[in-house]
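Take a look at the structure below.
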């Protein structure tokens, strides 16, 4: 099972294995309070893509398309998440205020719809 959770929310045992998928560490949050099991910053969108998107909902479809293209080159990182969800509940953590339009939501969609496999494109 693959869940999404804002990293600023209180950690819970219900979260399972907690993976932060942002390139930057969340502002004002200590590592203890974040309770992150794994920080996969390399799976986050490139700085150029993140800056282009700038959390503009009108660019969401374009952002996902571009991010999915980037993810095709990060197979080993996607596989880390896929292997984890085979055995346990996993929460993808993100810092964005928008709960629907963020890189963790796009990443979950990529993994769930395509299984992270290029042959599904």
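Every number here is computed from the coordinates shown, using simple stated rules; none is lab data. Quick caveat, the model's predicted, so the values are computed rather than measured. When we count neighbours, we look across all protein chains shown, and the Cβ atoms used for this are built from the backbone with ideal geometry, even at glycine.
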Task: Mean Cβ count within 10 Å, highest first, over the residues of peptides 100-107, 58-65, 84-91 - done: 100-107, 84-91, 58-65
Open item on the list: 7 Å from Cα along Cα→Cβ at both residue 6 and residue 65: what's the point-to-point distance in nm?
Closed with: 3.0 nm
Task: Gain on full stretching of the segment that runs from residue 113 to residue 79 - 0.36 nm per residue minus C-alpha separation - done: 10.8 nm
TODO: Report the full-extension gain for the segment residue 27 to residue 58: residue separation times 0.36 nm, less the Cα-Cα distance, to one decimal in nm.
DONE: 8.6 nm
Task: Theoretical FRET efficiency, 1/(1+(r/R0)^6), r = Cβ-Cβ of residue 86 and residue 49, R0 30 Å, to 0.05 - done: 0.60
Task: Rg/Rh ratio calculated on Cα atoms of the chain (Kirkwood radius) - done: 0.94
TODO: Place the peptides 25-32, 1-8 in order of packing, highest mean first, counting for every residue the other Cβ atoms within 10 Å and averaging per peptide.
DONE: 1-8, 25-32
